[in-house]
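Every number here is computed from the coordinates shown, using simple stated rules; none is lab data. In this text, all values refer to a predicted model and were calculated from it rather than measured experimentally. Here the Cβ is made from the backbone with ideal geometry for all residues, glycine too, and neighbour counts use every protein chain on show.
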Amino acid sequence: MDFGLFSNGQRYNEIARDTYAQDLDEVILADELGFKEAWISEHGTFVSFHAPDQMPSADLFICKAAALTKNIRLGPGIRPLPFFHPLQVATDCAVCDHLTNGRYIAGFGLGLGGAKSEPRGKLPGSPRDMGLEALELILKAWTSPEPFDWDGRFWQGKDWKIIPRPLTRPYMDVGIACSKSDSTLQLTAKHGFFPLLSWHQRPEELGKMIATYLESPEGAGAAKPNRDRVRVSRHIYVAESLAQARRELRDADIGAAKFHRLNEYIPKGGSRDDLTMEHMIDEGVLFVGDPDTVTKQIRGFYDELGGFGTLLLVCGKDWGTWEQRQRSWRAFKSHVAPRLADLDGNTRAG
């Protein structure tokens, strides 16, 4: 099993610079500790909520992070395709591929809440239809040796090409944000992309999604659907004891007031006010405690899903102090990760 980050910014600083600096510190530490990749959450203008320090342009952050790190691979999680011209997206990805010296991973999806956001205005089609066409156009722009014409439903043009072409040939790896939609998982398998699965979904739901991905036929020349390619996110916090972890995380904001997808964890007869850190720890949504406890939680989670390739630690949040988060990550890499080394994506924990 490999390990990475899902930097899901939520610090509530009034100055964006301060949040971006903290996010960079986390990516730099992850690179130092040997984490393989970092996905930078992109919350742009086209969402139904706004914070003064959110990250609307992950690619700019990624290029700076690449200059401050040595090995970690970096990708946006995710660029919402319906809201940008596909040729611009294709160009931006290619430039990032060059500026990161091949460490860039493209990350695509439909976006969160954009279709229902009144400030955004009405899209000319469904986000899904637009995203599908945008993806086909981006792949064409990356791989076509000559200028090409495009007469699509949403975009049209003649003699199109991008400069530069990707450094990585035929193009860089791509991750797709997958929800419960079978069609998105099948699309991911068809093109040999990485499925990116969210941190908040229950294991039984994630297991079904992985099964759909694995049972989907791959396209010509695409990588075969494989558990090693699956990326799954979870909140992880390692301390000397569960009691210490609970104490240090007691005032952490899990974002339940804004994140409606956590509603499924509301206790019977309760409300969003009941979605406290204590409740989410007790529900097993967060992997929290001493190294033995966290190792057991991850192995059990892995087994419930039937195996996966990369575990992404959710970060970008002021849960505990920076010193406590550093201590947690170092303890994870020293005392938890080595005990998961036998999990190769296609073996059960047992």
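Quick notes on this structure:
- GNM top mover of Trp155, Trp199, Trp142 - the chain, alpha-carbon springs below 10 Å: Trp155
- Legend: residue pairs Lys36/Lys333; Lys70/Lys224; Lys36/Lys161; Lys36/Lys296; Lys180/Lys296, Cα-Cα distance threshold 24 Å; pairs beyond threshold, Lys70/Lys224; Lys36/Lys161; Lys180/Lys296.
- Taking every alpha-carbon pair under 8 Å whose residues sit at least 6 apart, the chain reaches a relative contact order of 18 percent.
- Within a Gaussian network of the chain (alpha carbon springs, distance under 10 Å), most fluctuating of Ser271, Ser216, Ser41: Ser271
- Mean sequence separation of contacting Cα pairs (under 8 Å, at least six apart), scaled by the length of the range 222-350, corresponds to a relative contact order of 40 percent.
- Fewest-first ranking of His98, His43, His50, using other Cβ atoms within 10 Å as the exposure measure: His50, His98, His43
- Helix 291-305 and the long axis of the chain differ in direction by around 40°, with both axes built from C-alpha atoms.
- Degrees, to the nearest 10: 16-33 long Cα axis against longest axis of the chain: 80 degrees
- The alpha-carbon of Lys140 sits under 14 angstrom from the alpha-carbons of these aspartates and glutamates, leaving out residues fewer than 8 places away in its chain: Asp149, Asp151, Asp159.
- Expressed as a fraction of 2.2 N^0.38 Å, the C-alpha radius of gyration for the range 222-350 is 1.12.
- Between Glu146 and Asn226, the distance separating the two model label sites (each 7 Å from Cα on the Cα→Cβ line) works out to 3.5 nm.
- Nearest-ten-degree value, helix 203-215 long axis tilted from longest Cα axis of the chain: 30 degrees
- Looking at the chain, the DSSP beta bridges with both ends there are about 10 percent antiparallel.
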